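Data first, discussion second: the structure below is written as structure tokens.
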Amino acid sequence: MELNSKSPTGPIETRWERHRFNLKLVNPANKRKYTILVVGTGLAGGSAAATLAELGYNVKCFCFQDSPRRAHSIAAQGGINAAKNYHNDGDSVYRLFYDTVKGGDFRSRESNVHRLAQISLNIIDQCVAQGVPFAREYSGYLDNRSFGGAQVSRTFYARGQTGQQLLLGAYQALERQIGAGQVQMFPRTEMLDLVVIDGKARGIVTRNLLTGKIESHLGDAVVLGTGGYGNVFYLSTNAKGSNATAIWRAHRRGALFANPCFTQIHPTCIPVSGDYQSKLTLMSESLRNDGRVWVPLQTGDNRPPNKIPEAERDYFLERKYPSFGNLVPRDVASRNAKQVCDDGRGVGETGLAVYLDFRDAIQRLGKHVIKERYGNLFDMYERITGEDPYNAPMRIFPAIHYTMGGLWVDYNLMSNLPGLYVIGEANFSDHGANRLGASALMQGLADGYFVLPNTIGDYLASNKFDRVDTSHAAVRDAESQVAGITRKLLAAKGTRSVDSYHRELGKIMWEYCGMARNAEGLKYALSKIPDLREQFWRDVKVLGTDEELNQSLEKAGRVADFLELAELTCLDALDRNESCGGHFREEYQTPEGEAARDDERYSYAAAWEFRGIGNAPVLHKEPLTFEYVHPAQRSYK
Amino acid sequence: MRITLHIWRQRNASEKGRMVRYDLPDVSEHMSFLEMLDVLNEDLIAKGEDPVAFDHDCREGICGMCGCMVNGVAHGPLPETTLCQLHMRHFKDGDVLYLEPWRAKAFPVVKDLVVDRSAFDRIIAAGGFISVSTGSAPDGNAVLVPKENAERSMDAAACIGCGACVAMCPNASASLFMAAKIAHLGLLPQGQPERHQRVTAMVAQAQREVFGSCTNAGECEAVCPKGIKLENIALMNRDFLSANWVGRATVEAG
């Protein structure tokens with residue numbers, strides 16, 4: 001299989017413009033003749049569904065939550081990047097492009113990243129016009145803050161609820177189209193299979209989560225904006241319902257899965273407190289703007305933080321990276337936190353935490369300024385831990401947060417399956433091996449508002465679509481497969497709950513495919529996961545029926561997919577014999593302990609083809625070339 | 001610690017529900033409320049009993065999916081805290097807790113603690129937006145917003161649409177929910193052109209959904225996990241009155 005990225009060539013500044021000009025258009029009067037299925041209503045899916053409807057397409061939109069407003073984009077806190085250079089501090093589209101390629105450790109496509117940086121400008125304009133209450137200066141102008149991995153202030157924010165406000169903007173735009181009858185919305189509906197007819201993605205099979213009814217929806221193109229697969233680790237900052245089922249089942253139908261091992265750890269999460277822990281709570285890394293990260297200099301120093309004098313504290317990020325200090329990228333911050341804990345200098349009951357201290361910032365700026373900037377995060381911390389971060393430093397530890405990998409897409413955001421588009425976190429594009437802070441919101445909205453609505457028209461205009469209905473053999477086949485999976489899950493009548501399997505899988509993944517990986521551990525994980533999967537199908541205990549709201553059954557299907565995806569993730573991590581970004585292989589590091597890339601052998605996106613469970617997937621490589629930002633070892637010193 | 005739960009169990013919308021007692025002998029104070037329910041459900045599954053259905057997703061207090069009545073109070077006893085963010089350290093050994101779903105005609109029970117809140121979506125679809133199609137926006141700094149307005153708008157925009165306000169209101173009114181959206185958009189210059197239309201359409205939709213009217217009981221503000229203020233309802237009422245006045249004036253002017 002030849003992977004054609006359809007990436008334009010020539011001067012990078014004009015690639016998107018020239019590409020757009022070359023795309024075929026659908027006449028405004030003809031748009032209503034097409035139906036587009038959009039799965040997921042986060043920043044990417046919600047904005048895409050709304051925009052496609054504004055253009056005049058018929059849109060059917062699906063989400064598993066009770067309302068499109070609940071998608072997990074809502075939990076993003078810190079902000080959204082845009083190269084507006086409102087602060088005259090040297091920012092530009094090119095600099096955002098440069099920072100993102102470098103931050104991604106040279107494993108992303110230059111053309112995509114440059115387009116993202118260009119579109120970042122339009123996103124802010126669009127969101128302001130929708131009424132997103134971004135933070136303002138006293139003059140009434142938009143305020144900015146700085147963020148990890150950047151030396152300019154380019155992050156727009158709405159307190160600590162930027163994701164919520166941007167999502168509500170997209171949600172309101174979507175509801176406007178629902179009200180206008182242009183979008184048909186299907187909440188509490190989960191996509192369980194993709195329908196491929198004559199090689200084209202033509203529909204999806206869904207399950208109504210309230211009634212259990214299996215239904216098929218057909219259209220001319222399918223758009224997946226279903227988010228990432230971080231919950232393969234069980235404990236992550238993702239919502240409990242976040243899952244990989246839509247992208248995984250599309251993968252099983254032929255869509256390539258790219259770079260699954262590129263998973264991101266977020267450095268500022270609230271540490272684990274017990275076995276019953278159901279998720280990890282992230283606090284925006286914007287906290288690192290004013291908070292200083294430290295641990296005691298001496299191992300076994302159990303004094304309360306306020307009793308440890310300045311000279312006996314190790315501000316390890318400031319010490320090792322003087323020019324970026326506490327604002328080094330996420331992977332660097334996370335690994336260094338793990339390292340000091342491995343050295344026995346971790347704090348708190350478990351020793352698996354470091355301090356994030358606001359004492360100096362409160363002295364410098366006053367408590368009211370800190371409260372204005374981070375009030376809701378401080379409240380959240382206090383609610384969860386019972387400690388007051390205005391008086392004692394927070395304790396933080398890294399947690400799985402974002403997945404850069406996802407379904408492979410070309411420059412048009414179309415997968416290798418014609419008519420299947422993948423947007424937002426669900427695809428693999430733009431962030432390479434590591435995502436910079438405040439860039440997920442940017443990518444989700446860029447894909448949904450500005451890229452996909454342009455590129456999908458080209459596909460629709462250049463293809464003929466035979467009329468198909470739900471009696472088609474491919475539809476029947478997909479429906480019966482879905483029903484078969486449900487039946488099998490209910491029929492196992494085993495001894496262990498779905499959650500117990502998910503937890504066990506998560507432990508394997510965190511231990512052997514987490515923050516640091518090595519060949520031996522990955523091989524061990526690859527030997528354990530198939531056993532666990534086999535045991536799951538034989539021994540899982542799902543009560544109830546498939547004709548009602550059955551939350552165990554929903555979870556069971558998602559965990560079944562995680563049990564397959566986990567294996568591919570470990571395999572990809574084992575296959576990539578280098579360290580880059582979020583993928584840190586212990587065997588490949590510089591003498592200073594930084595990630596050592598191997599550009600000669602691994603400068604490619606690894607796109608895996610499904611060949612059936614028990615068969616080795618086939619690796620396809622999309623070579624990455626860098627004409628503008630030349631690969632160098634990332635240095636934040 | 002020991003906690004006794006009495007939970008509303010109802011198989012589906014048409015069947016009758018009832019309270020069922022569950023004794024939890026070993027609840028950790030560091031658990032969140034929903035983690036306690038997770039532990040209960042694992043026990044129930046082990047015993048072959050149907051687990052308790054409850055809505056939840058982000059467990060960070062922002063998605064608005066979770067919530068139930070705890071001893072008659074929406075989201076439980078801690079102010080400005082969703083159920084998922086409520087930790088068991090706020091309860092004491094031997095506590096007896098009654099868990100019920102949101103109660104409102106416009107929020108029919110789906111199963112156990114799960115209700116149907118789609119009426120909220122229909123209210124937003126009726127007018128809770130600014131009509132700006134993608135691509136037509138001017139530069140972000142072309143329209144200035146006084147900081148105070150931006151802050152007050154943000155205060156209202158923090159609504160998570162959980163429905164606690166409706167559940168707690170003696171009239172099952174959706175006024176606080178609607179007022180939050182009307183204030184969020186109405187306090188910004190971008191929201192002015194559709195200000196009257198918005199309030200009229202949203203209020204009309206709320207009536208169609210059989211939400212009650214506001215009698216200023218103030219229960220909504222007391223339980224709102226995001227601290228949305230009652231004064232937003234005053235703002236909504238003012239907009240509603242002036243919309244009717246302007247509407248009438250336009251008609252009379254012919």
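The values are calculated or read from the model by the stated rules, or taken from the named source; none is laboratory data. Since the model is a prediction, treat every value here as computed from it, not as a measurement. Cβ placement follows ideal geometry from the backbone for every residue including glycine, while neighbour counts extend to all protein chains displayed.
Some values worked out for this structure:
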read-out	value
Failed item in (1) surrounded by fewer than 17 Cβ atoms within 10 Å (Cβ to Cβ); (2) away from chain B (no Cβ under 14 Å); (3) touching a strand residue (DSSP E or B) at 6+ places or on another chain (Cβ under 8 Å), with residue A:510 passing the rest	(1)
Which numbered condition residue A:235 fails, given (1) surrounded by 23 or more Cβ atoms within 10 Å (Cβ to Cβ); (2) within 14 Å of chain B (Cβ to nearest Cβ)	(1)
Members of segment B:86-96 found to be touching a residue at least 60 places away in the same chain (Cβ under 8 Å) and either outside the structural domain of residue B:35 (by TED's automatic domain parsing) or part of a loop (DSSP other than H, G, I, E, B) (or both), listed by number	B:91, B:92, B:93, B:94
When residues of segment A:145-184 are limited to those that are charged (D, E, K, R) and more than 10 Å from chain B (Cβ to nearest Cβ), the one surrounded by the fewest Cβ atoms within 10 Å (Cβ to Cβ)	A:145
Sole exception among (1) at negative phi; (2) within 14 Å of another protein chain (Cβ to nearest Cβ) for residue A:100, by number	(2)
Every residue from segment A:288-305 that is crowded, with 24+ Cβ neighbours inside 10 Å and touching a Phe, Trp or Tyr at 6+ places or on another chain (Cβ under 6 Å)	A:291, A:294
Hey, residue A:187 within 14 Å of chain B (Cβ to nearest Cβ), in contact with a His (Cβ under 8 Å, 6 or more places away or on another chain) and not small (Gly, Ala, Ser) or not	no
Among the candidates A:345, A:288, residue that is touching a residue at least 40 places away in the same chain (Cβ under 8 Å) and either under 19 Å from residue A:380 (Cα atoms) or in a strand (DSSP E or B) (or both)	A:288
Residue list for segment B:185-207, filter: more than 13 Å from chain A (Cβ to nearest Cβ), touching a residue at least 24 places away in the same chain (Cβ under 8 Å) and farther than 30 Å from residue B:142 by Cβ	B:203, B:206
Residue that is farthest from residue A:448 (Cα to Cα) [pool: residues in segment B:124-138 that are among the polar types (S, T, N, Q) and facing chain A (nearest Cβ under 7 Å)]	B:131
Scan of segment B:27-46 for residues that are more than 9 Å from chain A (Cβ to nearest Cβ) and touching a residue at least 24 places away in the same chain (Cβ under 8 Å), ordered by number	B:27, B:33, B:40
Residue within segment A:194-201 that is buried (at least 24 other Cβ atoms within 10 Å of the Cβ) and within 11 Å of another protein chain (Cβ to nearest Cβ) present	no
Given (1) more than 21 Å from the chain's Cα centre (by Cα); (2) crowded, with 23+ Cβ neighbours inside 10 Å, number of the condition residue B:88 does not satisfy	(2)
Any hit, segment B:184-196, residues being closer than 29 Å to residue B:69 by Cα, of a type outside the set (A, V, I, L, M, F, W, C) and assigned to a helix (DSSP H, G or I)	yes
Answer from A:461, A:438 - the residue that is modelled with pLDDT under 95 and either surrounded by fewer than 24 Cβ atoms within 10 Å (Cβ to Cβ) or not polar (S, T, N, Q) (or both)	A:438
Enumeration of residues in segment A:548-561 that are of a type in the set (D, E, K, R) and more than 10 Å from chain B (Cβ to nearest Cβ)	A:554, A:555, A:558, A:561
Residue list for segment A:308-331, restricted to those being under 30 Å from the mean Cα position of the chain (by Cα) and within 18 Å of residue A:591 (Cα to Cα)	A:316, A:317, A:320, A:321, A:331
Scan of segment B:87-113 for residues that are of a type in the set (Phe, Trp, Tyr) and touching a Leu at 6+ places or on another chain (Cβ under 9 Å), ordered by number	B:91, B:98, B:102
Segment B:134-170: number of residues that are closer than 14 Å to residue B:221 by Cα and in a loop (DSSP other than H, G, I, E, B)	8
Members of segment A:237-260 found to be part of a loop (DSSP other than H, G, I, E, B) and either free of Cβ contacts under 8 Å to residues at least 40 places away in the same chain or under 15 Å from residue A:226 (Cα atoms) (or both), listed by number	A:238, A:239, A:240, A:241, A:242, A:243, A:244, A:255
Residue under evaluation residue B:111, criteria (1) within 16 Å of residue B:223 (Cα to Cα); (2) surrounded by 21 or more Cβ atoms within 10 Å (Cβ to Cβ), criterion not met	(1)
Filtered residues of segment A:47-64 (kept if surrounded by fewer than 24 Cβ atoms within 10 Å (Cβ to Cβ) and either of a type in the set (A, V, I, L, M, F, W, C) or within 21 Å of the chain's Cα centre (by Cα) (or both))	A:55
Complete set of residues in segment A:389-417 that are under 20 Å from residue B:32 (Cα atoms), within 14 Å of chain B (Cβ to nearest Cβ) and either touching a Ser or Thr at 6+ places or on another chain (Cβ under 6 Å) or surrounded by fewer than 20 Cβ atoms within 10 Å (Cβ to Cβ) (or both)	A:399
Matching residues in segment A:76-90 - criterion: being within 14 Å of another protein chain (Cβ to nearest Cβ) and either at pLDDT 95 or above or surrounded by fewer than 24 Cβ atoms within 10 Å (Cβ to Cβ) (or both)	A:80, A:81, A:82, A:83, A:84, A:85, A:86, A:87, A:88
Count of segment A:18-46 residues which are farther than 25 Å from residue A:173 by Cα, touching a helix residue (DSSP H, G or I) at 6+ places or on another chain (Cβ under 9 Å) and loosely packed, with under 13 Cβ neighbours inside 10 Å	2
Hits in segment A:402-431 (condition: in a loop (DSSP other than H, G, I, E, B), at pLDDT 95 or above and under 12 Å from the mean Cα position of the chain (by Cα))	A:404, A:405, A:423, A:428, A:430, A:431
Qualifying residues in segment A:50-73 (those that are facing chain B (nearest Cβ under 10 Å) and part of a loop (DSSP other than H, G, I, E, B)) - the one farthest from residue A:130 (Cα to Cα)	A:64
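Table: residues versus (1) out of contact with any Asp or Glu (no Cβ under 6 Å at 6 or more places or on another chain); (2) at the interface with chain A (Cβ under 7 Å from one of its Cβ atoms); (3) over 28 Å from residue A:548 (Cβ atoms); (4) not in a loop (DSSP other than H, G, I, E, B).
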| position | (1), (2), (3), (4) |
| --- | --- |
| B:77 | yes, no, yes, no |
| B:84 | yes, no, no, yes |
| B:110 | no, yes, no, yes |
| B:122 | yes, no, no, yes |
